[in-house]
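Here's the structure we're looking at; comments come further down.
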Amino acid sequence: MTSAIGWYGPLVDLCKTDHHIGDIVQLLVFVHRSTPVQYKLSKGGEVIRTDIQVGDDTLPFFSVSLWKKQMGTMVVAGDILLLQNVKITKFGHAVEARTVEWSSLVSLVHPYGSLLSKGVDELIEESQVGKTTLEKLCKVIKWVQRARSALNTIGSHSFVKPRNWKLPKQSESQNLLLLSEVLGLSNSCNAIFNASIGEIFLPITWRALDDSDKEKMFVSRRTMEDKDNSLAEDFICIGCHLCGSPLVSENGSICKQNNISLYCPKSPNHLHAVTLIYRPFMLYVWDESEYLPLLVRNKAAVVLFGNIRAERVYSCFRGQNRSHNSNQAYFCRENNPEAVEKGLVGSCSSDADKSLEVKEKNHHNKNTNFHLIWLVLLKILLQQGKNSPLKFEATVNTSLDTEHGKFEMLSVSVPCARNKLFSG
Ligand SMILES: [Zn+2]
């Protein structure tokens with residue numbers, strides 16, 4: 001389409017990206033919103049992905065994930081960008097673009113104010129781009145200017161932040177905070193706020209990951225892939241269900257006592273209560289004002305996952321994997337306690353084993369596949385833009401950094417909708 005140096009693929013309209021799965025392409029887009037997900041790993045290093053929501057004259061909303069820190073910081077909502085050499089990928093039914101090593105970006109129109117105040121000719125005057133790119137730029141500028149009343153719903157302090165959720169109808173109590181207010185709290189306290197779930201980040205530190213595998217830490221993508229069957233193994237480990245501390249070391253064996261906290265801070269007798277738990281993870285929640293990373297430990301995770309405990313998920317997962325009969329693949333193998341036990345024996349001591357009681361607990365739920373239910377729940381929770389906001393309660397501990405629980409989730413609930421559907 002164009003022969004500019006350094007281009008490895010055609011400039012394509014967003015509506016046609018599904019014809020280019022796996023290809024490297026160029027995109028010329030308007031940026032609706034930019035959301036970084038960043039996390040400092042305990043071993044050093046930082047995982048960063050910036051999700052940007054973009055649009056053009058052929059498709060109003062499209063997702064691009066940027067894996068380069070510098071690129072993430074260059075993107076400003078309201079800009080028109082040329083994304084060079086990005087790869088089109090497909091997760092489940094969703095098509096999106098992501099950067100590769102040789103991706104780059106050029107800002108063509110900045111700031112947003114000029115996009116509204118200037119004419120097309122004036123805006124493209126200084127653009128040093130090829131003919132095809134220039135034609136596309138004109139189309140995108142005209143589209144934004146035409147659609148600006150629909151796009152620009154926010155006041156003057158920031159540009160467009162389209163809602164990606166439905167607003168609750170009832171009037172909220174006054175103790176509800178905006179995420180920007182929670183982030184600005186200077187004293188430790190509890191905070192209650194409504195927010196939408198954007199991403200679950202699971203820091204994988206117990207096994208080696210190469211760079212291409214870093215994506216496995218972003219759970220939303222994995223829930224869209226049918227092939228990924230290892231979520232339960234990554235999410236669940238041996239640990240204390242009271243304080244949520246994993247009691248396995250990085251390589252999977254039980255921690256030596258000097259590596260873990262000897263006393264349980266949440267137990268009256270200071271002893272850890274060992275069982276299978278959800279590993280601590282970060283839940284990224286968003287509202288219109290900000291995004292906030294919440295640390296979620298086992299107890300809160302159980303609430304988030306519909307009161308399904310980790311051991312139930314895991315025993316069904318193991319049973320399912322051991323089943324050779326595809327007709328039974330979706331059902332637990334309660335009559336195969338060996339499978340359950342063996343799955344656990346690989347990674348826990350006999351002490352831990354004794355406390356598991358998996359067998360007994362599952363007798364009540366013979367044909368319920370908690371693994372499958374859990375996977376469906378995860379998938380539903382992570383459907384960005386399709387869920388109403390949830391009401392969170394979190395502790396704010398200003399003496400900690402984000403990765404260690406500055407904001408830690410206590411509970412979550414569906415805000416009570418006092419609508420008048422049935423009032424006649
Ligand atoms: Zn404990």
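The values are calculated or read from the model by the stated rules, or taken from the named source; none is laboratory data. Remember, predicted model here, so these are calculated numbers, not experimental data. Don't worry about glycine lacking a Cβ; one is built from the backbone with ideal geometry, like all the others, and counts go over all protein chains shown. Ligands, DNA and RNA are stripped out before the accessible areas are found, and what is left, the full protein with its side chains, is counted by its heavy atoms. Shrake-Rupley method; radii C 1.70, N 1.55, O 1.52, S 1.80 Å.
One residue stands out among those in segment 230-245 that are out of contact with any strand residue (DSSP E or B) (no Cβ under 7 Å at 6 or more places or on another chain) and touching a residue at least 12 places away in the same chain (Cβ under 8 Å): the one that is farthest from residue 273 (Cα to Cα), which is 231.
Taken together, the criteria exclude residue 232 from residues that are open to solvent by less than 10 Å² (accessible area, probe 1.4 Å), in a helix (DSSP H, G or I) and modelled with pLDDT of 95 or more. Identification of helices (runs of 4 or more DSSP H) wholly contained in segment 263-370 with 1 or more residues that are at pLDDT below 50 and within 16 Å of the ligand (Cβ to nearest atom) yields 350-354. Scanning segment 86-97 for residues that are part of a strand (DSSP E or B) and open to solvent by 50 Å² or more (accessible area, probe 1.4 Å) yields a count of 2. Checked against (1) over 27 Å from residue 213 (Cβ atoms); (2) open to solvent by 50 Å² or more (accessible area, probe 1.4 Å); (3) modelled with pLDDT under 95, residue 6 passes all but condition (2). How many residues are open to solvent by less than 30 Å² (accessible area, probe 1.4 Å) and within 25 Å of residue 69 (Cα to Cα) when one looks only at segment 109-126? The qualifying residues number 2. Selection of segment 40-53 for residues being open to solvent by 30 Å² or more (accessible area, probe 1.4 Å) and either touching a residue at least 60 places away in the same chain (Cβ under 8 Å) or in a strand (DSSP E or B) (or both) yields 40, 41, 42, 43, 46, 53.
Here residue 56 meets the list (1) out of contact with any Gly (no Cβ under 9 Å at 6 or more places or on another chain); (2) surrounded by fewer than 21 Cβ atoms within 10 Å (Cβ to Cβ); (3) in contact (Cβ under 8 Å) with a residue 60 or more places away in the chain almost entirely, failing just condition (2). So is residue 197 at pLDDT 85 or above, on the phi < 0 side of the Ramachandran plot and in a strand (DSSP E or B) or not? So residue 197 fits the description; yes.
Looking only at residues in segment 72-85 that are buried (at least 18 other Cβ atoms within 10 Å of the Cβ) and closer than 28 Å to residue 294 by Cα, which one is farthest from the chain's Cα centre (by Cα)? My answer is 78.
The condition of being in a strand (DSSP E or B) and either in contact with a Cys (Cβ under 8 Å, 6 or more places away or on another chain) or of a type in the set (A, V, I, L, M) (or both) holds for only one of 76, 37, that being 37. Within segment 59-73, being in a strand (DSSP E or B) and without any contact (Cβ under 8 Å) to a residue 40 or more places away in the chain holds for 63, 64, 65, 66. Please verify whether segment 374-388 includes one or more residues that are modelled with pLDDT of 50 or more, in the same structural domain as residue 309 (by TED's automatic domain parsing), polar (S, T, N, Q) and touching a Gly at 6+ places or on another chain (Cβ under 8 Å). Yes - at least one qualifying residue is present in segment 374-388.
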